[in-house]
C-alpha cells in the first residue's frame with residue numbers, strides 16, 4: 001500500500017488519515033465524502049475508499065501506518081483527510097484495527113432502510129457485471145441470521161465483500177459492536193433520507209463533529225454514484241420482501257434503541273408495523289429491473 005500513481009508525493013509531504021466514514025454502503029457515503037473533501041482544511045484523498053482495515057493480507061502484527069496509511073497532502077493549509085470505506089462497520093476486526101491505529105478517530109456512519117440498501121447493493125453489482133447472481137440467489141447465497149463475526153470459512157475476502165449484502169443490513173449488531181470499540185461520543189450517526197432532505201443541516205453537523213469551521217458556502221448536493229437506472233434480472237417478490245423484513249426485525253429494534261435515529265418511515269419498519277404491504281415495496285423496487293434478453 002505504498003504511494004504509487006495518483007498517490008505520489010507532493011511538495012507538502014503526506015498526511016495521516018484522521019477521520020473515517022465507516023458505513024453503510026449505498027447510503028450516501030460517496031455524496032458525503034465528496035462534500036467533506038471540498039472543505040478548505042480537508043485534503044481530498046487519492047481514492048474515496050482506502051480499504052485498509054479490511055485488508056486480510058496485510059501484516060497486522062507489524063503495521064507501518066506512516067508508509068501504508070497516509071495520503072499526499074495537497075496544500076499547506078490541509079489538516080484533515082478522511083477514509084470513506086463503508087465496509088469497515090461490518091467487517092470482522094476492522095474497527096479494532098482502526099482503534100489500534102487511532103483510538104480517538106472521529107467516525108461517521110450513514111444508515112438507510114436495510115431492504116432498500118440491499119436492493120441498491122444488488123443493482124450496483126448487476127450493473128457492473130450481468131453475470132452476478134440474480135436477486136433471489138443474491139439474498140439466499142449467504143443469509144446469516146445475525147452479523148457474522150468471521151469471514152465464512154474458505155471464502156476469499158473480495159468474494160465476501162460482494163456476497164455480504166444481507167449481512168450488511170444488521171445495523172443494530174454493527175453499532176453494538178462499534179460502541180464497544182470506540183466511545184459513543186466519537187460517532188456521528190446519520191440517516192440517508194435526512195442527508196438528502198436536510199443536506200445543509202447535516203453538512204454543518206459533520207463539520208462540527210470533525211472540529212472544522214462550517215463552510216462559508218456549502219458545496220451543492222450531488223448524488224454521487226447513484227447507480228444504474230435499470231438492471232436485467234428477476235424482480236423481488238412480495239414474499240421475499242416480507243421474509244427479509246422478518247429477518248431484520250429483531251436487529252432493527254436493537255438499532256432503534258442504540259442509534260436514536262428516526263426509522264419509523266423506513267419501508268422495513270412500516271412492513272413490520274403492518275402499515276405497508278410488502279407487495280408495494282416489491283412493486284416500487286421492480287421498476288428498476290427488466291427481464292434478461294432471451
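The values are calculated or read from the model by the stated rules, or taken from the named source; none is laboratory data. None of these values were measured; they are calculated from a predicted model. For neighbour counting, all protein chains shown are included, and Cβ atoms are generated from backbone atoms with ideal geometry for every residue, glycine included.
Residues in the range 156-171 that are under 14 Å from the mean Cα position of the chain (by Cα) and part of a helix (DSSP H, G or I): how many?
As a first pass, look at the range 156-171 and keep what is under 14 Å from the mean Cα position of the chain (by Cα): 161-162, 164-171.
Next, only the ones that are part of a helix (DSSP H, G or I) stay: 161-162, 167-169, 171.
The number of residues fulfilling the criteria is 6.
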Scan the range 118-140 and report the pairs whose first residue is on the phi > 0 side of the Ramachandran plot and modelled with pLDDT under 95 and whose second residue is buried (at least 22 other Cβ atoms within 10 Å of the Cβ) and in a loop (DSSP other than H, G, I, E, B), with Cβ atoms within less than 6 Å and a gap of 6+ or a chain change.
none
Please verify whether the range 10-31 includes one or more residues that are farther than 19 Å from residue 223 by Cβ, in a loop (DSSP other than H, G, I, E, B), in contact with a strand residue (DSSP E or B) (Cβ under 6 Å, 6 or more places away or on another chain) and modelled with pLDDT under 95.
yes
Which one of these is out of contact with any strand residue (DSSP E or B) (no Cβ under 8 Å at 6 or more places or on another chain), closer than 27 Å to residue 109 by Cα and surrounded by fewer than 14 Cβ atoms within 10 Å (Cβ to Cβ): 229, 251?
229
Where residue 61 falls short, out of the listed (1) part of a loop (DSSP other than H, G, I, E, B); (2) touching a residue at least 24 places away in the same chain (Cβ under 8 Å); (3) surrounded by fewer than 16 Cβ atoms within 10 Å (Cβ to Cβ)
(2)
Looking at the range 206-220, which of the residues that are assigned to a loop (DSSP other than H, G, I, E, B) and in contact (Cβ under 8 Å) with a residue 24 or more places away in the chain is nearest to residue 20 (Cα to Cα)?
210
List pairs: first residue in the range 264-279 and assigned to a helix (DSSP H, G or I), second residue surrounded by fewer than 17 Cβ atoms within 10 Å (Cβ to Cβ) anywhere in the structure, Cβ distance under 7 angstrom, at least six positions apart or on different chains.
272/249; 278/238; 279/238
Name, by its number, the condition in (1) over 30 Å from residue 131 (Cβ atoms); (2) more than 20 Å from the chain's Cα centre (by Cα); (3) surrounded by 13 or more Cβ atoms within 10 Å (Cβ to Cβ); (4) touching a residue at least 40 places away in the same chain (Cβ under 8 Å) that does not hold for residue 238.
(1)
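Table: residues versus (1) closer than 20 Å to residue 56 by Cβ; (2) assigned to a loop (DSSP other than H, G, I, E, B).
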site	(1), (2)
130	no, yes
150	yes, yes
193	no, no
200	no, no
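For (1) closer than 19 Å to residue 101 by Cβ; (2) surrounded by fewer than 17 Cβ atoms within 10 Å (Cβ to Cβ), each residue gets a yes or a no:
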| site | (1), (2) |
| --- | --- |
| 167 | no, no |
| 172 | no, no |
| 179 | yes, yes |
| 184 | no, yes |
| 187 | yes, no |
| 196 | no, yes |
| 199 | no, no |
| 202 | no, no |
Could you look through the range 149-184, keep only residues that are free of Cβ contacts under 8 Å to residues at least 40 places away in the same chain and touching a helix residue (DSSP H, G or I) at 6+ places or on another chain (Cβ under 7 Å), and pick out the one that is farthest from residue 51 (Cα to Cα)?
152
Might you check whether a residue that is farther than 23 Å from residue 170 by Cα, out of contact with any helix residue (DSSP H, G or I) (no Cβ under 6 Å at 6 or more places or on another chain) and in a helix (DSSP H, G or I) occurs anywhere in the range 77-98?
no
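Can you find a residue in the range 80-90 that is touching a residue at least 60 places away in the same chain (Cβ under 8 Å), more than 27 Å from residue 165 (Cβ to Cβ), within 22 Å of the chain's Cα centre (by Cα) and buried (at least 22 other Cβ atoms within 10 Å of the Cβ)?
Taking every residue of the range 80-90 in turn, at least one turns out to be touching a residue at least 60 places away in the same chain (Cβ under 8 Å), more than 27 Å from residue 165 (Cβ to Cβ), within 22 Å of the chain's Cα centre (by Cα) and buried (at least 22 other Cβ atoms within 10 Å of the Cβ).
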Checked the range 125-147 for anything more than 14 Å from residue 231 (Cβ to Cβ) and buried (at least 18 other Cβ atoms within 10 Å of the Cβ); matches are 139, 147
